[in-house]
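Following: one structure in structure tokens, then a few remarks.
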Amino acid sequence: MLKTVSLSAYYGKIRALTNVSLHVKKGEFVSLIGSNGAGKTTLLNSIMGHISNKTGKIYFDEKEITNFNTEKIVSLGIGYVPEGRRIFTDMTVEENLEMGAFLIKNKSKIKENIKQIYEIFPVLKERKKQIAGMLSGGEQQMLAIGRALMLSPNILLMDEPSMGLAPKIITDLYNKLKVLKKSGITIFLVEQNAKIALKYSDRSYVLENGSIILQGKSSELLNDNELLRAYLGKE
Ligand code: ATP
């Protein structure tokens, strides 16, 4: 469904990604783990059309999207939940969801999508009139996911969903991701929290200094002692 081939990305002359080739199949939950500064955010930003200084290719559903702009990429069915959530803190929960529907003209379709999102995240329904900035970190993350779901994406790209959340909230959040996967959404996320990402995903890639150094089934990577030593201490 989503594939990068030999993708490199640059900030000026500095190369932040080197020949990254990875793929996510329809219905899979794939994670990319790596420590601070490994290039995880750069990879998502490259896929989403936020970084133009890149080489290599990006495909979505067999179509090359390497140089598409962000709006076009989103309209093809790629949902994106950015690092730090970036919700509109002075708008209500429901207004944030409406903002996520920016490509939908039909008002009743927007209402229908909001209803579906409230079914997945009942807490958002309870708080629909509240100012988003007043929500807890976990609720804000759910709102950011809900906002990305407003366009009914086929795949959801997420940047460090666990960031800044307490362990119990992280578990609740990942259980929600499991529900989304069951409903047919493909998930690709990047995480510094290797333990949780490996526990919940089907397959994983390990990124170090902009290159993929390891990949495999998440359950097998969880048994890799060297990997555990290198990453699992850093949650
Ligand atoms: P984090 O967990 O901190 O977000 P990350 O794995 O997402 O880390 P990136 O943010 O992708 O890493 O950064 C990869 C490398 O690119 C780092 O060395 C970083 O300093 C550098 N970098 C990131 N953004 C820029 C920028 N706008 N200009 C120059 N260098 C940048």
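With +1 on the Cβ of every Lys and Arg and -1 on the Cβ of every Asp and Glu, and nothing else charged, how large is the dipole of the range 52-105 about its Cα centre, in debye rounded to the nearest 20? Present the calculation step by step, with values, prior to reporting the outcome.
Working: 7 positive and 9 negative charges, 60 e Å.
It comes to approximately 280 debye.
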When the charge dipole of the chain is computed with +1 at the Cβ of Lys and Arg and -1 at the Cβ of Asp and Glu, the Cα pointing farthest to the positive end, of 169, 193, 81, is that of 81
Note on the range 24-92: contact order normalised by length, alpha-carbon pairs under 8 Å, 6 or more apart, percent, works out to 20 percent
Length-normalised contact order of the range 59-181, Cα under 8 Å, at least 6 apart, in percent, tallies to 38 percent
If exposed means trypsin sites (Lys or Arg not before Pro) lying in a DSSP loop and surrounded by at most 13 other beta carbons within 10 Å, then the longest stretch of the chain lacking such sites spans residues 130-233
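Taking the square root of 5 times each eigenvalue of the Cα gyration tensor, what semi-axes in Å does the equivalent ellipsoid of the range 124-235 have, largest first? The partial results should precede the final answer.
Numbers: eigenvalues 151, 51, 28 Å².
For the range 124-235, the ellipsoid semi-axes come out as 27, 16, 12 Å.
Quick check on the chain: helices-only [θ] at 222 nm, where DSSP H runs of length 4 and up contribute -39,500 (n - 2.57) each and the sum goes over total residues. Nearest 500, please.
Roughly -9500 deg cm²/dmol at 222 nm, from the helical runs in the chain.
Distances over 14 Å make up what percent of all Cα-Cα pairs in the range 118-181? Don't skip to the end; give the middle numbers.
On the way: 1140 of 2016 pairs.
Value for the range 118-181 (Cα pairs over 14 Å): 57 percent.
So what is the relative contact order for the range 1-117, in percent, with contacts set as C-alpha pairs under 8 Å and at least six apart? Walk me through the intermediate numbers first.
Values: 132 pairs, mean separation 25.7, N = 117.
With pairs under 8 Å counted, the relative contact order is 22 percent.
Find the percent of Cα-Cα distances in the chain that exceed 29 Å, and round it to a whole number. Working shown, then result.
Numbers: 7071 of 27495 pairs.
Beyond 29 Å sits 26 percent of the P(r) for the chain.
Based on the alpha-carbon set only, what is the convex hull volume of the range 113-154 divided per residue, in Å³?
Working: hull volume 2.8 nm³, N = 42.
Per-residue hull volume (Cα only) is 68 Å³.
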For the range 1-50 (alpha-carbon point model, no solvent) the Debye-based log₁₀ I(q)/I(0) at q = 0.24, 0.25 Å⁻¹ works out to -1.00, -1.07
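No lab work stands behind these numbers, since they all come straight from the coordinates. Note that the coordinates shown come from a computational prediction; the quantities given were computed from them, not determined experimentally. Positions of Cβ are backbone-derived with ideal geometry, glycine not excepted, and every protein chain shown enters the neighbour counts.
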